[in-house]
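Below you'll find the structure, written out as structure tokens, and then a few comments.
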Amino acid sequence: MDNMVYNFSAGPAMLPVEVMQQAQAEFRNFNGLGVSVMELSHRSSDFIAVATQAEQDLRDLMQIPDNYKVLFLQGGGRGQFAALAFNLMGKNAKADYIVTGQWSKSAIAEAEKVGTVRVLDGFGEAELTGEEQGPRPLAKEWDLDPTAAFVHYCINETVDGVEYPFVPKTGDVPLIADMSSTILSRPIDVTQFGLIYAGAQKNIGPSGLAVVIVREDLLDQACPQTPIIMDYAALAKADSMLNTPPTYAWYLAGLVFKWLKRQGGLTVMGERNKAKADLLYNYVDASNFYRNNVHTEARSWMNIPFQLQDESLNDAFLAQAKAAGLVALKGHRLVGGMRASVYNAMPIEGVQALVDFMDKFAKQHA
Ligand code: PLP
């Protein structure tokens, strides 16, 4: 295999092997300049060409219309929890937040510093399965405030393994999406969103970088206290170069975008990601040794938590998986068990290797 190990980390996560090899090959001598991209001035024409191309490739991949700005910023996903509240709650300081897990919950605390937040349960009624209640499906309707500045949700909950297979309908209220752990994993219709943001460290590139895609008409409602380094309008005006941007991360993101184009774009990635997720969920569902507790309609294609029925085997599972070249499978501390993050860079061979290992382990301990 091209990969030294299969890395199932939730983030920072595996990048495509070809991207890593290209970065390594041009590390000290970019484009014959005799310097690394990391050593180029962000004001140089060489770096501006890198930055502009990366933005264009992202626009092509996601079919981002011209009335949206694309920003390459610092501070990761969490930085945007604060930035979006500062930028969008200046005229109308109230917003609706739909909660489906750890990350949508975390975003609320930042918005509450700026305005009034209404918290909406993202799940509907659980089905009754015999004597027990089954997992809860995603709600499709909410009691939304038509006068709110925006509705915020997290498309894919990295910790909980919950992903929306549909875009919530919010009428005229702009929809804001935390897309950190699912951006670029399948096609989406950007026009349904007022603002999309993503920390880069899953499907884009190195941690610390964040990408923001924002509709231009939303750039006029920032709070006066908005720090300039978070001010979308000022950042857009400066082409994300208000201060020194994370240049090397931006360059690596550009290599990932080119790689995605070579793969055939987001339709192809969506097909691949569905096939990977189906392979693992089908195995887990058919097994009585492992289980996944997420409603089948809300299961993430990117982060797949699973539990061993006998939790006392967790340490042995992780140790033997590591010895088999399958690393970073430990679940998040809040959920426990295991989690396989299978972002774009994870080939189906990696998921097959995991399923083969899980089956062998189950038979050994049956
Ligand atoms: N949102 C989601 C869905 C995430 O998975 C993460 C981090 O994993 C964040 C936000 C926070 O990102 P960061 O650590 O870059 O601030």
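No lab work stands behind these numbers, since they all come straight from the coordinates. All values reported here derive from a predicted model rather than from experimental measurement. Positions of Cβ are generated from backbone atoms using ideal geometry, with glycine treated the same way; all protein chains shown enter the neighbour counts.
Remind me, relative contact order of region 265-365 in percent, using alpha carbon pairs under 8 angstrom and six or more residues apart?
Taking the mean separation of contacting Cα pairs over the length of region 265-365, I get 30 percent.
Mean residue ellipticity at 222 nm from the helices of the chain, using -39,500 (n - 2.57) per DSSP H segment of n ≥ 4 over the full residue count, to the nearest 500 deg cm²/dmol?
That calculation yields -11000 deg cm²/dmol at 222 nm.
Return the subset of 169/237; 105/237; 105/169; 169/276; 105/202; 202/276 for which the Cα-Cα distance in this structure is over 23 Å, preserving the input order.
Exceeds cut-off: 169/237; 105/237; 169/276.
Report the local net charge at residue 63: Lys and Arg +1, Asp and Glu -1, summed over other residues whose C-beta lies under 14 Å from its C-beta.
Neighbour charge sum, excluding residue 63 itself: -2.
Let me spell out the model: positive unit charges on the Cβ of Lys and Arg, negative unit charges on the Cβ of Asp and Glu, origin at the Cα centre of the chain. What dipole size does that give, in debye rounded to 20?
Using only the charged Cβ atoms, the result is roughly 720 debye.
Relative to the compact-globule scaling 2.2 N^0.38 Å, provide the ratio for the alpha-carbon radius of gyration of the chain.
Compared with the compact-globule rule of thumb, the chain sits at 1.02.
Could you work out the relative contact order of the chain, using alpha carbon pairs under 8 angstrom and six or more residues apart, expressed as a whole percent? Can you show the working numbers first?
Values: 685 pairs, mean separation 87.0, N = 366.
Rounded, it is 24 percent for the chain.
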